[in-house]
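**Student:** Structure in structure tokens, see below.
The values are calculated or read from the model by the stated rules, or taken from the named source; none is laboratory data. Just so it is clear, the model here is predicted, and its values are computed rather than measured. Neighbour counts are summed over all protein chains in view; Cβ atoms, including those assigned to glycine, are modelled from backbone coordinates with ideal geometry. Just the protein is used for accessible areas: all its heavy atoms, side chains included, with ligands, DNA and RNA removed. Shrake-Rupley method; radii C 1.70, N 1.55, O 1.52, S 1.80 Å.
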Amino acid sequence: MISPLVAVTGASGAVGGRVAARLARTGVPVRLLGRDPSRLPRLPGTVAAPPAAYGDGEAMHRALDGAHTLFLVSAHESPGRVLEHTTAVDAALAAGVERIVYVSFLGAAPDATFTFARDHWHTEAHIRMTGVRHTFLRDSWYLAGLPAMTATDGVLRGPAGEGRVSAVSHEDIADSASAVLLDEGAVHDGVTYALTGPEAFTLAEAAAELSRRTGREIRYVPETREEAYASRAGYGAEEWEVAGWVTSYEAIAAGELDTVSDAVPTLTGRPAESLADYLRRNPESYRHLLMDA
Ligand SMILES: NC(=O)c1ccc[n+]([C@@H]2O[C@H](COP(=O)([O-])OP(=O)(O)OC[C@H]3O[C@@H](n4cnc5c(N)ncnc54)[C@H](OP(=O)(O)O)[C@@H]3O)[C@@H](O)[C@H]2O)c1
């Protein structure tokens, strides 16, 4: 039997690139989508689609023509992100796509504290409404974000209070997504998986883990909302974007990101990666925190 063609969006990025590499290794036919083909990885057995941005329905239709399954990575955040996503979904259906696996966010809800998580809920609702076969992968915060958001002064700042976050690795997301994509049966249809790490920790605990790895004191400094907006005011970002950054911490404080799910072990057949595992395997993630860096 010929395997159905899987179209992988975001293939130039961290999640999509990993998924594309995994699928390519299995020999299923894969088409890579991106806005700029020169940024797409060169992987044996994969073909690059003509350039397509989600918001360009005609380009997406062309890029997806003949594909059976769409792996849809959420777009870079923007005020128009839901429309970009729904345009991509509608183009996919018009092009004949029969199944969509969408990368969503933990706790997606119309009134989620994390403003960007609301986009995911609206995108999910649109996909559900079309009646297409679908699976939603609701990722927690990325583990990679914890060292990345710790400043070189050794401080992780944000209004997360004493809340907990069940952060997950890109590898676990990619392995879980690949397991879903490679299983053509109906078992994943209509299912929403929370992709989380094996535990939920406070940012103070994350700072302690970073201290152990780096050998210097890393501190979590809880901010008030006002302090959080003030400390990010100099980045030159627009209001909606700063609100997204700040509310991602406030969602932790509100207890909206502390779900620990067994979806990663169930889908991959092995335990999910912890923050300690992640840091051990990715020393480059905290290089900027080393005193002699
Ligand atoms: N869970 C978390 O903690 C977390 C954190 C940050 C972001 N996210 C969300 O998760 C997504 C995937 O994460 P990632 O780490 O893989 O991000 P990434 O490395 O930045 O990759 C994003 C990918 O999406 C593509 N893309 C972005 N906007 C697009 C658009 N409008 N049309 C077509 N392609 C578009 C990019 O392609 P180009 O080469 O064309 O730019 C890139 O390949 C992000 O895009 C964001 O929505 C989640």
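**Student:** Is it true that G244 is of a type in the set (G, A, S), out of contact with any Pro (no Cβ under 6 Å at 6 or more places or on another chain), more than 28 Å from R118 (Cα to Cα) and modelled with pLDDT of 95 or more?
**Tutor:** Considered against the rule, which asks whether it is of a type in the set (G, A, S), out of contact with any Pro (no Cβ under 6 Å at 6 or more places or on another chain), more than 28 Å from R118 (Cα to Cα) and modelled with pLDDT of 95 or more, G244 comes out as no.
**Student:** Counting only residues that are of a type in the set (D, E) and either open to solvent by less than 50 Å² (accessible area, probe 1.4 Å) or more than 20 Å from L106 (Cα to Cα) (or both), how many does the range 239-293 have?
**Tutor:** 6
**Student:** Sticking with this structure for a sec: Can we say A228 is at pLDDT 95 or above, in contact with a Lys or Arg (Cβ under 8 Å, 6 or more places away or on another chain) and surrounded by 16 or more Cβ atoms within 10 Å (Cβ to Cβ)?
**Tutor:** Yes, satisfied.
**Student:** If we keep just the residues of the range 85-106 that are within 16 Å of A11 (Cβ to Cβ) and within 9 Å of the ligand (Cβ to nearest atom), which is farthest from the chain's Cα centre (by Cα)?
**Tutor:** A88
**Student:** Can you tell me which of (1) of a type outside the set (D, E, K, R); (2) in contact with a helix residue (DSSP H, G or I) (Cβ under 6 Å, 6 or more places away or on another chain); (3) part of a helix (DSSP H, G or I); (4) open to solvent by 30 Å² or more (accessible area, probe 1.4 Å) is the one T152 doesn't meet?
**Tutor:** (3)
**Student:** Here's another thing I want to ask about it. How about the range 167-193: which of its residues are out of contact with any Gly (no Cβ under 9 Å at 6 or more places or on another chain), farther than 15 Å from R25 by Cα and either among the hydrophobic types (A, V, I, L, M, F, W, C) or assigned to a strand (DSSP E or B) (or both)?
**Tutor:** I173, V180, A186, V187, V191, T192, Y193
**Student:** Which residue out of L40, L70 is in contact with a strand residue (DSSP E or B) (Cβ under 8 Å, 6 or more places away or on another chain) and more than 10 Å from the ligand (Cβ to nearest atom)?
**Tutor:** Criteria check complete, one pass: L70.
**Student:** Taking only the range 20-37 into account, find how many residues are open to solvent by 50 Å² or more (accessible area, probe 1.4 Å) and within 9 Å of the ligand (Cβ to nearest atom).
**Tutor:** The number of residues fulfilling the criteria is 2.
**Student:** If you don't mind, there's one more thing I want to ask. Name the pairs: first residue in the range 248-260 and more than 13 Å from V168 (Cβ to Cβ), second residue within 12 Å of the ligand (Cβ to nearest atom) and open to solvent by 30 Å² or more (accessible area, probe 1.4 Å), Cβ to Cβ under 6 Å, at least 6 apart or on different chains?
**Tutor:** Here the result reads E256/G107, each pair linking the range 248-260 to a residue that is within 12 Å of the ligand (Cβ to nearest atom) and open to solvent by 30 Å² or more (accessible area, probe 1.4 Å).
**Student:** Okay, moving on. Mind telling me which of the residues G16, G80 ends up being open to solvent by less than 50 Å² (accessible area, probe 1.4 Å) and within 8 Å of the ligand (Cβ to nearest atom)?
**Tutor:** G16 is the lone residue from the list that is open to solvent by less than 50 Å² (accessible area, probe 1.4 Å) and within 8 Å of the ligand (Cβ to nearest atom).
**Student:** Follow-up. Can you list residue pairs whose Cβ atoms sit under 7 Å apart, with the first residue in the range 162-175 being closer than 9 Å to A144 by Cα and open to solvent by 10 Å² or more (accessible area, probe 1.4 Å) and the second being of a type outside the set (D, E) and near the ligand (Cβ under 9 Å from one of its atoms)? Count only pairs 6 or more apart in sequence or on different chains.
**Tutor:** H170/A14; H170/V15; H170/R18; H170/Y142; H170/A144
**Student:** Name, by its number, the condition in (1) in contact with a helix residue (DSSP H, G or I) (Cβ under 8 Å, 6 or more places away or on another chain); (2) under 21 Å from L23 (Cα atoms); (3) not acidic (D, E) that does not hold for A112.
**Tutor:** Result: A112 passes all but (2).
**Student:** State the number of residues belonging to the range 120-143 that are open to solvent by less than 10 Å² (accessible area, probe 1.4 Å), in a helix (DSSP H, G or I), more than 13 Å from the ligand (Cβ to nearest atom) and among the β-branched types (V, I, T).
**Tutor:** Residues flagged as open to solvent by less than 10 Å² (accessible area, probe 1.4 Å), in a helix (DSSP H, G or I), more than 13 Å from the ligand (Cβ to nearest atom) and among the β-branched types (V, I, T) within the range 120-143 amount to 1.
**Student:** Listed residues A117, A88; which is in a helix (DSSP H, G or I), within 30 Å of N282 (Cα to Cα) and open to solvent by less than 20 Å² (accessible area, probe 1.4 Å)?
**Tutor:** A117
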